[in-house]
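Peer 1: Sharing a structure here in structure tokens format.
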Amino acid sequence: MTDRRVALITGGAKGIGRETARQFGFSGYKVYISGRNSRALELAQDDFSKNGIDVEKVRSDVRDQAACRHLIEYIEQREGRLDCVVNNAGMSMRGDSGTTDLDVVRAMVEINYLGAVYISHYALPLITASKGSVVFISSLTALHGMPMVGPYGASKMALKGYSQSLRLELAESGVHIGLVYVGLTENDPDKRIYNSEGALVPLVRPSNRHTQRQVARNILRCVEKRKPVMILTPAGRMADVLFRYFPGISQWAIKQWAARSRLYGQGL
Ligand SMILES: NC(=O)c1ccc[n+]([C@@H]2O[C@H](COP(=O)([O-])OP(=O)(O)OC[C@H]3O[C@@H](n4cnc5c(N)ncnc54)[C@H](OP(=O)(O)O)[C@@H]3O)[C@@H](O)[C@H]2O)c1
């Protein structure tokens with residue numbers, strides 16, 4: 001068994017996942033990154049190697065239950081341990097909740113929720129042995145239903161219930177379960193999301209609150225400080241208080257904000 005701590009970052013070749021893999025690498029972890037796109041995995045691994053970060057890529061789709069099992073078995077065979085899983089792989093969408101193509105709704109559940117459940121399920125024996133961490137990457141859209149991102153937000157909301165149950169069940173085991181609510185973050189230029197008909201389209205946004213590196217550092221902090229829940233950005237934390245204690249005002253405020261910011265319309 002290797003002496004070094006080992007982390008798996010799903011979706012670790014792009015965007016927030018790639019920056020998270022970098023931060024874990026800088027912290028001394030051996031990092032495994034997974035995703036579907038071989039080219040993106042190769043580019044990320046080359047980039048990491050040039051910067052002296054020990055990263056290994058594995059092509060794996062979180063929608064495929066058997067592939068999730070093989071991924072964890074592969075890490076176990078190679079390292080004999082796993083200290084941290086960051087369930088980062090995810091896809092977003094835009095579309096009204098009532099009319100969005102049901103294949104898009106299924107994709108949200110399968111990638112954002114079930115994918116994280118499959119990986120966690122197979123990883124937990126190793127994580128329990130190392131008294132390690134399982135972290136789920138959620139979104140501020142999971143604090144309250146938002147227009148035009150309902151199926152996405154709902155799939156992320158499911159992570160709250162799942163992670164809360166795990167935390168209670170594993171309370172005596174020394175395992176850390178973290179949930180990070182991420183706000184609007186800079187994207188890779190080629191990031192794609194589903195439109196309401198299921199086509200992959202570019203994500204265009206007028207502004208972002210965080211860089212990928214800021215989010216990645218917070219994810220690492222969630223693990224190092226063993227924080228149960230982190231809501232990123234001051235606006236996210238304020239919104240959480242508003243949604244909890246002032247549901248009526250929240251409805252009104254969300255409608256105003258969504259209309260004015262044009263963040264969730266973009267005519268997709
Ligand atoms: N960016 C934001 O503003 C924001 C805000 C809140 C929450 N988040 C969450 O943060 C996470 C990362 O977002 P991001 O902006 O970095 O997205 P991104 O640039 O689109 O990256 C998504 C990653 O997930 C992987 N992925 C997607 N479907 C997969 C599948 N079926 N199996 C395995 N890997 C899969 C992608 O790799 P492949 O394409 O190669 O499979 C890619 O590496 C997501 O969970 C997202 O919901 C992002």
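The values are calculated or read from the model by the stated rules, or taken from the named source; none is laboratory data. Because the structure is predicted, anything quoted here is derived from the model rather than measured. Cβ sites come from the backbone with ideal geometry, for glycine too, and all protein chains shown count toward neighbours.
Peer 1: If you scan segment 228-249, which residues turn out to be touching a residue at least 40 places away in the same chain (Cβ under 8 Å) and surrounded by fewer than 16 Cβ atoms within 10 Å (Cβ to Cβ)?
Peer 2: 228, 235
Peer 1: Output the number of residues of segment 180-195 satisfying the condition of being closer than 29 Å to residue 99 by Cβ and touching a helix residue (DSSP H, G or I) at 6+ places or on another chain (Cβ under 7 Å).
Peer 2: 8
Peer 1: I'd like the full set of residues that are assigned to a loop (DSSP other than H, G, I, E, B) and out of contact with any strand residue (DSSP E or B) (no Cβ under 8 Å at 6 or more places or on another chain), limited to segment 57-100. Spell out how you get there, then give the answer.
Peer 2: To start, the set of residues in segment 57-100 that are assigned to a loop (DSSP other than H, G, I, E, B) comprises 60-64, 80-83, 88-92, 94-100.
Result: 61, 63, 64, 80, 96, 97, 98, 99.
Peer 1: Within segment 151-210, which residues are of a type in the set (Lys, Arg) and surrounded by 19 or more Cβ atoms within 10 Å (Cβ to Cβ)?
Peer 2: 156, the sole residue that qualifies.
Peer 1: Here are some residues: 218, 208. Which one is within 14 Å of the ligand (Cβ to nearest atom) and modelled with pLDDT under 95? So that I can check it myself, show each step before the final result.
Peer 2: Working: 218 fails: modelled with pLDDT under 95.
Answer to the check: 208.
Peer 1: If we keep just the residues of segment 67-124 that are more than 20 Å from residue 158 (Cα to Cα) and within 12 Å of the ligand (Cβ to nearest atom), which is surrounded by the most Cβ atoms within 10 Å (Cβ to Cβ)?
Peer 2: Top of the filtered list is 71.
One line per residue, one yes/no per condition, for (1) free of Cβ contacts under 8 Å to residues at least 60 places away in the same chain; (2) more than 14 Å from the ligand (Cβ to nearest atom):
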residue	(1), (2)
140	no, no
151	yes, no
155	yes, no
167	no, yes
178	yes, no
193	no, no
196	no, yes
200	yes, no
212	no, no
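Peer 1: I would also like to ask the following. Which count do you get for residues in segment 221-235 that are modelled with pLDDT of 95 or more, over 14 Å from the mean Cα position of the chain (by Cα) and within 11 Å of the ligand (Cβ to nearest atom)?
Peer 2: 0
Peer 1: Checking residue 256 against (1) more than 16 Å from the ligand (Cβ to nearest atom); (2) out of contact with any Lys or Arg (no Cβ under 8 Å at 6 or more places or on another chain); (3) over 25 Å from residue 111 (Cα atoms); (4) not in a helix (DSSP H, G or I), which single condition isn't satisfied?
Peer 2: (4)
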